[in-house]
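Participant: Below is one structure. I have some questions about it.
Just so it is clear, none of the values below were taken in a lab; they were calculated from the coordinates. Since this is a predicted model, take the numbers as computed values, not measurements. Every residue, glycine as well, gets a Cβ built from its backbone with ideal geometry; the counts of neighbours run over all protein chains shown.
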Amino acid sequence: MRDENPCPLQDQPLPDLYATVAEDVLSWCGTPGCVCVDLGAGAGGLGLALAARTSAAIVLVDPNSEALSRGLLTARQQGIGHRVVAVVGSAEDIPLPEGSCDAVVSRGSFYFWQDRAQGLREVYRILAPGGKAMIGGGLGSSYPEWARREFIRRQWENLTKQGDEALRRFREARSRETFQRLADEAGLPSFEVVGRAALPPTDPCSGVGIWLRFAKEE
């Protein structure tokens, strides 16, 4: 009998995580109004997934202009280029006006901001009254279980090769205590930390992700 799945799991491409993260963003934020910012967008994975699911204008913000160019090209290829713009900038100094955005999302970049508390202040500044933000990382609550396990296995394998210090930094950056401390340092008037990041792959919470969610007072 022919093997229907001859490729080892470690050789298989994994499903698009931005699609499932986008669904979680929408379940929290609702459908964004006029403007949604993908902060630390890179090539726009999350922002483009949101553009495909809403009618909002998407602003990709990242310090890497080459990555942003790739995102804009993909948007044009997907037929949503007229609703996607790119701005070169950092989380600590977002080049957008105060109160100009209905939603700010960021998946995976928070851990690499130079000053995370300042970045959170900037997110709050650019939110319009009633606007919401979801900052953190994860694979999305509906990501397939087999793919979640394999994603975490690969991540764990890479981190263990880097040594104990890399594992320690990974856990510390993604702990609930760290998220709560940074939100307090940023002076956010109210917020919630949901989920938790976990390793090793045997932990049932691995890949679920951890997110800081807050809204600007109306």
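Participant: If you wrap a convex hull around the C-alpha atoms of the stretch 1-148 and split its volume per residue, what is the figure in Å³?
Facilitator: 130
Participant: For each of GLU172, GLU92, count neighbouring Cβ atoms within 10 Å of the residue's Cβ, then give the residues from fewest to most.
Facilitator: Lowest count first: GLU172, GLU92.
Participant: Measure off 7 Å from each Cα along the Cα-to-Cβ vector at THR202 and ASN64, then give the distance between these two points in nanometres to one decimal.
Facilitator: 3.4
Participant: Taking every pair of distinct Cα atoms and averaging 1/r, then inverting, what Kirkwood hydrodynamic radius in Å comes out for the stretch 37-105?
Facilitator: 11.7
Participant: Quick one: if you take sqrt(5λ) for each eigenvalue of the C-alpha gyration tensor of the stretch 129-176, what semi-axes come out, biggest first, whole angstrom?
Facilitator: That gives 25, 18, 6 Å for the three semi-axes.
Participant: How much mean residue ellipticity at 222 nm does the chain get from its helices, if each DSSP H run of length 4 or more adds -39500 (n - 2.57) and you divide by all residues, to the nearest 500 deg cm²/dmol?
Facilitator: -12000 deg cm²/dmol
Participant: By DSSP, what percent of the beta bridges with both residues in the chain are antiparallel, rounded to the nearest 5?
Facilitator: Restricted to the chain, the bridges split so that about 40 percent are antiparallel.
Participant: Under Stokes-Einstein, with the Kirkwood radius over Cα pairs standing in for Rh, what whole-number D in µm²/s applies to the stretch 71-141 at 25 °C and 0.890 mPa s?
Facilitator: So the translational diffusion coefficient is about 183 µm²/s.
Participant: Related question: Kindly express, to the nearest 10 degrees and within the range 0 to 90, the angle between helix 145-162's C-alpha long axis and the longest C-alpha principal axis of the chain.
Facilitator: Taking the Cα atoms of the chain, the angle to 145-162 is about 90 degrees.
Participant: Where in the stretch 149-189 is the amide nitrogen less than 17 Å from a point lying 7 Å along the Cα-to-Cβ axis of GLU92?
Facilitator: Taking a point 7 Å out along Cα→Cβ of GLU92, the residues of the stretch 149-189 whose backbone N falls under 17 Å are 182-183, 185-187.
Participant: Show me 157-167, 186-196 ranked by packing, highest mean number of other Cβ atoms within 10 Å first.
Facilitator: Highest mean packing first, the order is 186-196, 157-167.
Participant: Would you please state the base-10 log of I(q)/I(0) at q = 0.12 1/Å for the stretch 61-218, with intensities from the Debye formula using one equal scatterer on every alpha carbon?
Facilitator: -0.61
Participant: May I pose another question? Please determine, in degrees from 0 to 90 and to the nearest 10, the orientation of helix 164-173 with respect to the longest principal axis defined by the Cα atoms of the chain, where the helix direction is its Cα long axis.
Facilitator: Roughly 40 degrees between the two axes.
Participant: For the Cα atoms of the chain, what angle does the longest principal axis make with the long axis of helix 17-29, in degrees from 0 to 90, nearest 10?
Facilitator: Rounded to the nearest ten degrees, it is 40.
Participant: Quick one: if you stick a label point 7 Å off each Cα along the C-beta vector at ARG154 and HIS82, how many nm between them?
Facilitator: In this crude spin-label approximation the distance works out to 3.6 nm.
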